[in-house]
Every structure is written in C-alpha cells, then in structure tokens.
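Scroll down for the structure; my scribbles are underneath it.
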Amino acid sequence: MTTRTMELLVGVFVAAAIAALVFLALQVANNSDATRGETYTLVAKFDNIGGLKVRSPVKVGGVVVGRVSSIQLTGEYYEPIVEMQISTQYDAFPETSTASILTSGLLGEQYVGLEPGFIDDFVMMLEDGDEVPNTNSAIVLENLIGQFLFSQGEEG
Amino acid sequence: MINALVKLGRNTLSVLAGVGSASIMLFQSIVGKPQPLKMFPLLIRQLYVVGVQSMLIILISGLFIGMVLGLQGYTILVDFGAEQALGPMVSLSLLRELGPVVTALLFAGRAGSALTAEIGLMKATEQLSSLEMMAVDPLRRVVAPRFWAGFISMPLLALMFSAIGIYGGFIVGVQWLGVDDGAFWSVMQANVEWGQDILNGFIKSLVFALVVTWIALYKGYTAEPTSPGISAATTQTVVYSSLAVLGLDFVLTAIMFS
C-alpha cells in the first residue's frame, strides 16, 4: 500500500470522527440559547421547593428562558432561596411577576414557571440580582392527600 | 504465617516495580526532543494500523448496540407510556458509558493485542536490539508512534461509536417501532448536555486510550522473547486492559456524574 493511500485513509478516519463529533454536538446535545451566552441572576424565596434541583429549567409559558443555578436555605426561618440564571435575551420582567414551582406532567420533573406581571408607570423592571416578590411553592402530594383525608374525616 | 507475609510483600514489590518500569518506559518514549519530520510518517502509518483498521468493527458493533438499546428500551418504556424517553435513554447510555467502555474493550482486543504481539515478536527476533545497535532508540522509533496512534485514535473511535449507536437507536425506535420522530430528538436534546455528557464521555475515552495503549506496549516490550512468552503477554494485555477499563470506569463515573 502506498503512503498516499494510507494518508488518504487516515484522513477519512479523522474526518469521520469530526463528523461524529459535529453530529453529537448539533443533533444530540442541548443547543437552546437559554443555557448559553449572557445571563443575569434573579432570586426567589419559596416555602417549599418540592423536587426542584440545580439545573432545572426556568420556563415562561413553556419556553425555557434559563436554569436554576443554586438552591440554599436563608434567613432565620430557613426559607429555601432559589437562584436562577436567565438569558439576557429576556431581561424585561416587571416586579409584579410571579414565580411558581410546577411539574411537567403527572410524574415529570419540576421546573420554575415564571409569569410576567402587569406593567404600569409605577412598576419597576427586575434587574440583575433582584428578587421575584410573588412566589407559589411546590405542591407536595403527601400534604394534598393529608388535607383530603382530613376533610373527608370532618364530613363523616 | 511469615511465609504468607513474605509472599505478599514480594508480590506488592513486583507490582510496584512493574508500574515503575512501565512509567519509565512511557516517559522515555514520549518525552524528548520532538522530531516532527521523522515522527510524522511513522505516526500516520500507525494511525492507519491502529485506527483505520479498527474502524469497521467499532462502527458495526456501535450500530448493533444502539439498535439493541432501542429495542430493549422501547419494550420497557412503552409499558409506562414513556416511549419518548427512548432518545435520552439511548444517547445517555451510549455517551456516558457504553461508547467509551465498549470501544476501549474492543480496542484492547483488536488493536492492543496486535500491538503487544508485534512488539513482542520484534523483541524475540531481536529487531529491537538491532535498532539499538544502529544507535536508534527503539522506544522513540517503535513505541512512541504506536502510543500516540492509540492515544489519538481511540477517543475518535469512541465518538464514532456513540454517534452511530444513536443512529442505530433512531432506526429501531423511530423507523421501525414508530416512536415520534420529533419527540425522539427533542427530548434527547433537552436531556443531553454538551459539557456534562459529551465532554465527560470524551475525557473517559482519553483515559481509557492512555491505559489500554500503555498496557499493550508495556506488555509487548517486556514480553519474554519466546512463543509462550508472547502468547502470555498478548493474553495479559487483553485481560489487564479490560479489567483496568472497567475498574477505572466506575471511578470516573463516580467522580463525574455523582
């Protein structure tokens, strides 16, 4: 076998590997803008975060706009505080917005649903590091069942 | 009792001596004044032998493993009505575990054993000694290009393995069993992360490439220059590399994904 043929085949080999990498990077991996590029931080306090995890998505109307970057307890009452990295593409949330912890589907993963509020002359926009004032905590199934059983007991 | 301790001590020392001399061999062969003009043709030749000739077995096994994952995953997931999760199941298991590990095992069997036998036979027929007689360092001339060829080509083979495996899962899941095309890719894209999954899998395959090629070269270089010696060295290459890959895989997984 001549050197030239061998070089050609090695070239094909490397090109095939690069093609595989491009396929994995573009077709298989997550490419949404919300997880890359410039982000800014919003925080929100909840009573209960349920099964929310770091890297859970933050969605507005079902569209991913950012991710949860840290979850900690804060203050003297140990409230969970959730820090979110939001894409700077979406940087105009008013301070009347609401953050809720929702579940995708019956058994799906939990995510933060951000709902933009109304805007008028007195409403400021949330900026980097601000806290989302209105929050709805996660619904814990055990508590719901407990309440249901309790109300059943009262009736009977 | 004393004898048992003596035996333990002797075995420990010989293992440590083996690791030490393997490190010295690797160090001497790859560290030194770079000679790109002399090394490059040798490297191309070894890339062809080690990489290109392993490509077919890697691609075919990758395709079939992906297809089996698609088939098995579908039969389980369809019970829960969660067959859209087939995409992430196939791609995550390939990218994180099966791609690097199965490629390393196949590579040890296909290329590692060949490297050991080749170098062992070179030693038995005193080609290595002749090189030294001609003032050519066999470590630089014979071992180094083979090491780089293995270290470069195995991660590339692992990438191909994962990519074609995912395509195999796509063929079985979407085109045969009827999982929705859009859901297959989009749920996959929502769950696979570039850094967490693809990059970590690639780092894994780099580590495996280092270990497998290193063991193969060391076993060949220190093989007893007789027929049974070379045959034993070849067997040891496959056994030790497979064990090292599987053990290291657990350690790396524990570090990367826990």
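The H on the amide N of A:Val65, modeled in the peptide plane, is under 5 Å from the matching H of A:Val58, A:Lys59, A:Val60, each at least 5 residues off or on a different chain. Working note: 222 nm ellipticity from helices only, DSSP H runs with n ≥ 4, each -39,500 (n - 2.57), summed and divided by the residues of chain B, gives -25000 deg cm²/dmol to the nearest 500. Placing +1 on the Cβ of every Lys and Arg and -1 on the Cβ of every Asp and Glu, with nothing else charged, gives the range B:89-177 a dipole about its Cα centre of roughly 120 debye.
Partner aspartates and glutamates whose Cα lies under 13 Å from the Cα of A:Lys53, excluding those fewer than 8 positions away in the same chain, are identified as A:Glu83, A:Glu109.
Starting from the coordinates of the alpha-carbon atoms of chain B, obtain the Kirkwood hydrodynamic radius over all distinct pairs and give the value in Å to one decimal.
20.0 Å is the Kirkwood radius here.
Separation of the range A:50-125 and the range B:107-150 by C-alpha centroid, Å? Using only Cα atoms, the two centres lie 60 Å from each other. Restricting the range A:1-79 to GluC sites (Glu not before Pro) that sit in a DSSP loop and have at most 12 other Cβ atoms within 10 Å of their own Cβ leaves A:Glu38, A:Glu76. Legend: calculated FRET efficiency, B:Thr12 to B:Leu243, from the Cβ-Cβ distance at R0 = 25 Å, rounded to 0.05, equals 0.90.
Scan chain A and hand back the longest stretch that contains none of the chymotrypsin sites (Phe, Trp or Tyr not before Pro) lying in DSSP loops with at most 13 other Cβ atoms within 10 Å.
Working: sites that count: A:Tyr77, A:Tyr78, A:Phe118, A:Phe122.
Here the longest run is A:1-76.
Evaluate the range A:20-155: find the radius of gyration of its Cα atoms, find its Kirkwood radius, and give the ratio Rg to Rh.
Values: Rg = 17.4 Å, Rh = 16.5 Å.
Across the range A:20-155, the Cα-based Rg/Rh ratio is 1.06.
Estimated from helical segments only, the mean residue ellipticity of chain A at 222 nm is -8000 deg cm²/dmol, where each DSSP H run of four or more residues counts as -39500 (n - 2.57). Beta-bridge orientation, the protein assembly as shown: approximately 80 percent antiparallel, per DSSP, counting only bridges with both partners inside.
Would you work out what percent of the accessible area of the protein assembly as shown, with all protein chains in place, is carbon or sulfur (probe 1.4 Å)? All intermediate terms of the calculation are to be shown ahead of the outcome.
Values: 14190 of 22100 Å².
Carbon plus sulfur share of accessible area: 64 percent.
Specify the longest stretch of chain A that does not include any exposed loop site, a site being one of the trypsin sites (Lys or Arg not before Pro) with a non-H, G, I, E, B DSSP assignment and at most 16 other Cβ atoms within 10 Å. In chain A, the maximal stretch lacking such sites is A:56-156.
Buried area at the A:B interface is about 2200 square angstrom, summed over both chains, from accessible surfaces computed with a 1.4 angstrom probe. For the range A:123-148, the residues whose backbone nitrogen is under 15 Å from a point 7 Å from the Cα of A:Asp47, taken along Cα to Cβ, are A:134-148.
If you take the Cα Rg of the protein assembly as shown and divide it by 2.2 N^0.38 Å, with N the number of residues, what do you get?
On the way: Rg = 28.3 Å, N = 414, 2.2 N^0.38 = 21.7 Å.
Here the answer is 1.30, to two decimals.
Counts of other chain beta carbons within 10 angstrom of each beta carbon in peptide B:87-100 average 1. In this Cβ point-charge picture (+1 for Lys and Arg, -1 for Asp and Glu), the protein assembly as shown has a dipole of about 3320 debye about its Cα centre.
Here's the picture: charge each Lys and Arg Cβ at +1 and each Asp and Glu Cβ at -1 in the protein assembly as shown, and of A:Leu73, B:Gly247, A:Val132 the one pushed furthest to the positive end of that dipole is B:Gly247.
For the range A:75-156, dividing the convex hull volume of the Cα atoms by the residue count gives 176 Å³ per residue. Placing unit charges on the Cβ atoms of the charged side chains and taking the dipole of chain B about its Cα centre, the candidate lying farthest along the positive direction among B:Leu8, B:Leu106, B:Leu139 is B:Leu139.
Per residue, how many Å² of accessible area does chain B show with a 1.4 Å probe? Don't jump to the answer; show the numbers that get you there.
Values: 12470 Å² over 258 residues.
Here the per-residue accessible area is 48 Å².
Averaged over peptide B:237-250, the number of partner chain Cβ atoms lying within 10 Å of each residue's Cβ comes to 0.
Under 20 °C and 1.002 mPa s, how fast does the range B:1-124 diffuse according to Stokes-Einstein, given a Kirkwood radius computed over C-alpha pairs? Answer in µm²/s, whole number. Using the Kirkwood radius from Cα pairs, D works out to 112 µm²/s.
How many Å² of accessible area per residue for chain A, probe 1.4 Å? Kindly include the intermediate steps, with their values, before the conclusion.
Working: 9630 Å² over 156 residues.
On a per-residue basis, chain A sits at 62 Å².
Within the straight-line cut-off of under 18 Å between alpha carbons, the aspartates and glutamates reachable from B:Lys204 are B:Glu97, B:Glu193, B:Asp249, sequence neighbours fewer than 8 places apart in one chain being disregarded. Rg and Dmax of the range B:182-258, both derived from C-alpha coordinates alone, stand at 18.0, 59 Å. I'd like the FRET efficiency for B:Val19 and A:Ser104, computed as 1/(1 + (r/R0)^6) with the beta carbon distance as r and R0 of 56 Å, rounded to 0.05. That gives a FRET efficiency of 0.65.
Assuming R0 = 51 Å, can you tell me the calculated FRET efficiency for the pair B:Lys33 and A:Ser70, based on Cβ-Cβ distance, to the nearest 0.05?
On the way: r = 49 Å, r/R0 = 0.96.
For B:Lys33 and A:Ser70, the calculated efficiency is 0.55.
The values are calculated or read from the model by the stated rules, or taken from the named source; none is laboratory data. All of these numbers come straight from a predicted model, not from anything done at the bench. Backbone-built Cβ (ideal geometry, glycine too); neighbour counts: all protein chains shown. Side chains included, ligands, DNA and RNA excluded: accessible areas come from the protein's heavy atoms. Shrake-Rupley method; radii C 1.70, N 1.55, O 1.52, S 1.80 Å.
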